[in-house]
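Notes for the one structure printed next.
The values are calculated or read from the model by the stated rules, or taken from the named source; none is laboratory data. Computed from a predicted structure; not experimentally measured. Here the Cβ positions follow ideal geometry from the backbone for every residue, glycine too, while neighbour counts run over all protein chains shown.
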């Protein structure tokens with residue numbers, strides 16, 4: 001059985017004298033070796049080195065001495081995600097190519113590790129570094145080499161995640177990191193261009209500190225997650241489609257998508273696992289590798305379903321698939337879910353059916369009780385017509401504009417502060 005000692009300190013009287021009081025609880029509820037947890041089990045006193053640290057003595061100006069408050073234990077540290085991309089699609093390099101991705105990291109800490117994802121075939125990474133990002137593909141700090149079980153690189157098969165060893169690297173909240181790596185073969189990749197300031201160049205240049213050269217390369221490639229070791233806290237992951245990934249045009253910026261805007265306002269990581277074109281089937285199928293493979297996230301925000309409207313799925317089937325998603329996520333995170341945004345047109349099926357299904361599905365979302373509701377339809381729709389965006393909040397009748405993302409982010413922040421204790 002264990003031994004616990006409790007100490008309390010209180011100020012007494014106007015002279016500010018400290019009085020100590022203590023109590024001992026010699027039963028921590030842990031069964032003895034017989035499994036009975038009986039009262040006659042032997043209690044072993046802790047070794048002298050386990051004693052509570054004495055508070056320092058302070059000398060007052062009038063010569064009196066008092067004891068100060070005992071020192072406070074440092075907050076626990078842990079690895080939690082500061083950046084993430086699902087990398088659902090696949091790119092290919094036939095010869096060794098250096099990619100230098102500029103990524104924002106929403107978490108502060110003293111060590112980092114990077115997870116890479118291969119594509120639809122084998123991938124070989126021969127060297128990788130991390131540094132602070134500079135201009136035009138240059139670095140603002142000396143590159144720090146990454147290793148993988150002590151080796152500078154790896155070769156892996158189809159759709160595989162490989163995580164580097166942790167390396168000392170001081171990161172501040174919202175730092176821009178340059179992840180440079182020399183690779184060839186098949187690499188996981190995002191659908192949209194959303195990472196301006198990133199480059200690729202044929203050859204091996206991962207340790208080059210100056211301008212990388214080559215060509216602009218704005219797709220997230222191979223780098224799935226950047227974990228940062230720091231003070232343990234809240235960490236969000238967002239799950240959705242192109243609306244969450246941040247599609248607005250042929251050139252985009254992940255920093256303008258609503259998850260990044262929420263992150264900037266709240267000061268906690270809100271990583272993006274949105275995939276353009278995604279519906280419930282793909283989300284449920286890919287969740288174990290794209291979201292559940294991460295460690296340390298505490299909250300999940302789901303905005304999903306618009307690509308499934310007017311398909312061969314009934315609303316009851318949409319509800320079933322959202323429930324399946326909740327079933328996978330609930331053991332790992334607190335659940336948040338958004339209503340579907342207005343949809344002014346459809347590229348598939350009957351628009352009348354799209355409207356009817358969206359209305360019914362949103363009513364179900366508002367009524368379910370497993371996840372906290374963030375009603376993004378309510379802040380983006382026109383007052384007189386729930387199927388139309390407010391002026392200026394959309395780019396094509398389906399995807400929100402930059403201003404639309406700001407409105408969405410403000411509402412997410414409001415609800416998380418009100419219901420999430422942030």
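Pairs please, first residue from segment 224-245 and part of a strand (DSSP E or B), second anywhere and modelled with pLDDT under 95, Cβ atoms under 8 Å, 6+ apart in sequence or on different chains. Close Cβ pairs (under 8 Å, with a partner that is modelled with pLDDT under 95) amount to 229/77; 230/77; 231/75; 231/76; 231/77.
Going through (1) at pLDDT below 95; (2) in contact with a helix residue (DSSP H, G or I) (Cβ under 8 Å, 6 or more places away or on another chain) one by one, residue 39 falls short only on (2). Against the condition modelled with pLDDT of 95 or more and over 30 Å from residue 201 (Cβ atoms), how does residue 224 come out, does it pass? It is false that residue 224 is modelled with pLDDT of 95 or more and over 30 Å from residue 201 (Cβ atoms). Looking only at residues in segment 263-280 that are under 13 Å from the mean Cα position of the chain (by Cα) and surrounded by 24 or more Cβ atoms within 10 Å (Cβ to Cβ), the one that is farthest from residue 223 (Cα to Cα) is 263.
Of the residues making up segment 248-259, none is within 18 Å of residue 197 (Cβ to Cβ), part of a helix (DSSP H, G or I) and either at pLDDT below 95 or under 13 Å from the mean Cα position of the chain (by Cα) (or both).
How many of the residues in segment 67-92 are assigned to a loop (DSSP other than H, G, I, E, B) and touching a residue at least 12 places away in the same chain (Cβ under 8 Å)? Walk me through it before giving the result.
Kept after step one, since they are assigned to a loop (DSSP other than H, G, I, E, B), are these residues of segment 67-92: 68-76, 85-88.
Among the residues that remain, those that are also touching a residue at least 12 places away in the same chain (Cβ under 8 Å) are: 68-71, 75-76, 85-88.
Summing the residues that are assigned to a loop (DSSP other than H, G, I, E, B) and touching a residue at least 12 places away in the same chain (Cβ under 8 Å) in segment 67-92 gives 10.
On the basis of being surrounded by fewer than 19 Cβ atoms within 10 Å (Cβ to Cβ), farther than 17 Å from residue 234 by Cα and in contact (Cβ under 8 Å) with a residue 12 or more places away in the chain, does residue 387 make the cut? Spell out the reasoning first.
Details: surrounded by fewer than 19 Cβ atoms within 10 Å (Cβ to Cβ): yes; farther than 17 Å from residue 234 by Cα: yes; in contact (Cβ under 8 Å) with a residue 12 or more places away in the chain: yes.
Yes.
Which of the residues that make up segment 132-152 are crowded, with 21+ Cβ neighbours inside 10 Å and assigned to a strand (DSSP E or B)?
In the first step, residues of segment 132-152 are kept if they are crowded, with 21+ Cβ neighbours inside 10 Å; the result is 133, 137, 139, 146.
Hits for segment 132-152 are 133, 139.
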